[in-house]
Amino acid sequence: MTKSQNQMWGGRFAAGPDAIMEAINASIGFDQRMAAQDIQGSRAHAAMLGAAGIISNSDSEAIREGLHTVLSEIKSGNFPFRVDLEDIHMNVEQRLKEVIGAPAGRLHTGRSRNDQVATDFRLWVRDQTDAAIEGIEALMKAFLQQAKAGADWVMPGFTHLQTAQPVTWGHHMMAYVEMLARDKSRFEDARRRMNESPLGAAALAGTSFPIDRDMTAAALGFDRPAANSLDAVSDRDFALEYLSCASICAMHLSRFAEELVIWSSAQFRFVTLSDRFSTGSSIMPQKKNPDAAELIRAKIGRIFGANVALMMVMKGLPLTYSKDMQEDKEQVFDAADNLMLALAAMSGMVGDMTANQESLKTAAASGFSTATDLADWLVRALGMPFRDAHHVTGSLVAMAEEQGCDLPDLTLAQMQSVHPQITSNVFEVLGVENSVASRLSYGGTAPAQVRSQIARWEAILS
């Protein structure tokens, strides 16, 4: 095919179908990120081959030492990655042959690229799972420090983004500790499920060589070998589960990012973000933009998208391996990068942000936030059915709204005009501090409950 005949493919593929096939088939541009895991798996495989007497001990040792040299070259940035060798596996094996000669040809005994890539990818995702757990713990600790500082600071609690009831700053911070703890446990559960070794499943049916799969599984930190060779080479559940865990965690990050955007606005002034995580405007000198929070909120879409993309790759594949599965990595790599970046940025923002206690308190007292406390008092003090108490409280809110004041500003006479049995004791429950202090039920917003939860989580995380 001439260049003129190939214009439909664009100038990049002027060389014709061979160049197109090489471009679509090669994965070295992205799977080189698994170089350390590839060499880790190959060293374990070579050690097992030697121990099992499948290859000589001298060849096994030469292979392992040569792989160490290759890894050093990759880490130093001096490794000559070649597109014509397609992937990280063939690039490493070819370089190993150049380093140690003939013994390199024995490395692939008893395995296939199918179980090799499944092992590499599983090791890589397991490493990223560990990193995510560590990042989540760091963010939990940042929220804990904020909660300790403001365990008794009152702020508005919202439903529908409307003032609902007073809560404490510490209670709000601890809500995210609970969310993140579930995220952490999801990653930990996923790690347990993914910790099976595909190595030794070979192409799809196992191998006739007397390999020791328990030995390689243990060497690579797996709990056990995968029990079915067909499943072992074609399973990508571990990556899907990682993405699922990442998506839920990312959703939690995005929710708090949204709150930071709102809270840091001039209309709320609940928090001040540090200069480290804010930017200015090119034209408006007064602006301090919460760009880090906004970018976290946006990057979450990439993680969600990766989850859907890999589901779509896998949904129609018969057993076992199909080349479609080469498309399993890029979106996972991107999602992992963005999750770790979001966790790090959020940890920095939470650690650096300053809560405006006075703004929080002023907002907590607005919007008739103690109306529920009034209704509860009518039930407790006057024995009124709650639905009747709800109606009386609604009438008092309407009166306060008409008077242009809040509930604590109504006089006793005004309240008694709605219900004559109301006494002056009602004012004891209408202050926001009294309101939060009264919420002593387990998991409630009372400062005593908040401090109890802080102590519990500090003990867990220590």
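The values are calculated or read from the model by the stated rules, or taken from the named source; none is laboratory data. On a predicted model such as this, the values are computed, not experimentally measured, just so you know. Here the Cβ positions follow ideal geometry from the backbone for every residue, glycine too, while neighbour counts run over all protein chains shown. Accessible surface areas use protein heavy atoms only, side chains included; no ligands, DNA or RNA. Shrake-Rupley method; radii C 1.70, N 1.55, O 1.52, S 1.80 Å.
Can you tell me the orientation of helix 237-263 relative to the chain, as the angle in degrees between its alpha-carbon axis and the longest Cα principal axis, to the nearest 10? So the inclination is approximately 30 degrees.
Look at (i) 136; (ii) 202; (iii) 225: the one that is volume of the Cα convex hull per residue in Å³ derived from this structure is (iii).
Ellipsoid semi-axes for segment 61-215, based on the Cα gyration tensor and the rule √(5λ), read 51, 19, 13 Å when sorted largest first.
Couplings for segment 332-340, taken from phi via the Karplus curve 6.51 cos²θ - 1.76 cosθ + 1.60 with θ = phi - 60°, read 5, 4, 5, 5, 5, 4, 6, 5, 5 Hz in order; Gly and Pro are left as x. Its convex hull of Cα atoms gives segment 172-320 a direction-averaged projected area, equal to a quarter of the hull surface, of 12.9 nm². Highest mean packing comes first when the peptides 331-343, 76-88 are listed by Cβ atoms within 10 Å, giving 331-343, 76-88. Could you tell me the center-to-center distance, by alpha carbons, between segment 418-462 and segment 10-89 in angstrom? If we compute the Cα centre of each part, the gap is 61 Å. Using only alpha carbons, segment 320-406 has a radius of gyration to Kirkwood radius ratio (Rg to Rh) of 1.43.
Under 5 Å between amide hydrogens, built in the peptide plane, is the criterion, and for Val167 it picks out Met155, Gly157 among residues at least 5 positions away or on other chains.
Shown is the FRET efficiency for Ile262 and Ala52, computed with R0 = 60 Å from the Cβ-Cβ distance and rounded to the nearest 0.05: 0.45. Ile422 sits among other residues whose Cβ lies under 14 Å from its own Cβ, and their net charge, with Lys and Arg +1 and Asp and Glu -1, is -3.
Remark: the chain carries 47 Å² of accessible area per residue (probe radius 1.4 Å; ligands, DNA and RNA excluded).
Amide H contacts of Val271: Ser264, Asn356, each under 5 Å away and 5 or more positions distant or on a separate chain (H built 1.01 Å from N in the peptide plane; Pro and chain starts excluded). The count of lysine pairs in the chain with alpha-carbon distances below 28 Å, taking only pairs 8 or more places apart or on different chains, stands at 22. Probe radius 1.4 Å, ligands and nucleic acids ignored: give me the carbon and sulfur share of the accessible area of the chain as a rounded percent. Reported share for carbon and sulfur atoms: 52 percent. Scaled against 2.2 N^0.38 Å for its residue count N, the alpha carbon radius of gyration of segment 142-213 is 2.13. Averaging the Cα positions of each part gives two centres, and for segment 112-180 and segment 352-374 these lie 24 Å apart.
Where both bridge residues fall in the chain, DSSP classifies roughly 80% of the beta bridges as antiparallel. Computed from backbone phi with θ = phi - 60° and the Karplus coefficients 6.51, -1.76 and 1.60, the 3J(HN,Hα) list for segment 61-72 is 5, 4, 4, 5, 5, x, 5, 4, 5, 4, 4, 4 Hz; x is used for glycine and proline. Rounded to the nearest whole Hz, the Karplus-based 3J(HN,Hα) values (6.51 cos²θ - 1.76 cosθ + 1.60, θ = phi - 60°) of segment 433-439 follow the sequence 5, 5, 4, 5, 5, 7, 8, with x at glycine and proline.
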